[in-house]
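Trainee: I have a structure I would like to understand better, so I am pasting it below and will then ask my questions one at a time.
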Amino acid sequence: MIDLNTLVEETGAESGITFNIDGILLESVNLEYDGNVAAMIGMILKMCLEMSEDVNNGDLKQVMIKNNDGIVVANKSEDDNCVALLSKDISKMGLLLRKMDTVFNN
């Protein structure tokens, strides 16, 4: 089980959420409209998963969304539970990607 508070603190992310692949919110830290965000990121993950399967690229593990005001890194576990970290500091991108890989590969 992932300790979301610790993950947000260790990465310096502004917020984080856990949810299932259907976008049902399980937990959130420092995030307004967390249910809506979980639903939207869940849909993005599901669409990317289906695309990955359609083009035979293997199982989807991670999605990164970068825009002018920040970054979102979302990982899906084998049991279809998901974690997303959100940061307004794009320079934290490498740390977020690496930490999420570490958490999901152990």
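The values are calculated or read from the model by the stated rules, or taken from the named source; none is laboratory data. The structure presented is a predicted model; accordingly, all values stated were derived computationally and were not measured. Here the Cβ positions follow ideal geometry from the backbone for every residue, glycine too, while neighbour counts run over all protein chains shown. Surface areas here come from the heavy atoms of the whole protein model, side chains and all, with no ligands, DNA or RNA. Shrake-Rupley method; radii C 1.70, N 1.55, O 1.52, S 1.80 Å.
Trainee: About its Cα centre, how strong a charge dipole does the range 40-106 have in debye, to the nearest 20, once Lys and Arg get +1 and Asp and Glu get -1 at the Cβ?
Mentor: The calculated dipole for the range 40-106 is roughly 420 debye.
Trainee: Plugging the Kirkwood radius over Cα pairs into Stokes-Einstein for the range 1-45, at a temperature of 20 °C and a viscosity of 1.002 mPa s, what D comes out in µm²/s?
Mentor: Reported coefficient: 203 µm²/s.
Trainee: If you don't mind, there's one more thing I want to ask. Report, in listed order, any pair from Lys46/Lys99; Lys61/Lys99; Lys66/Lys99 with a Cα-Cα distance greater than 19 Å.
Mentor: Lys46/Lys99
Trainee: Could you report the range 8-106's accessible area per residue, 1.4 Å probe, as an integer in Å²?
Mentor: Solvent-accessible surface per residue comes out at 59 Å².
Trainee: In square nanometres and to one decimal, what's the mean projected area of the convex hull around the Cα atoms of the chain?
Mentor: Average of the hull's projected areas for the chain equals 6.3 nm².
Trainee: Something else: Loop-only check: which chymotrypsin sites (Phe, Trp or Tyr not before Pro) in the range 2-106 are DSSP coil with at most 15 other Cβ within 10 angstrom?
Mentor: Counting only loop positions with at most 15 other Cβ atoms within 10 Å, the chymotrypsin sites (Phe, Trp or Tyr not before Pro) in the range 2-106 are Tyr33.
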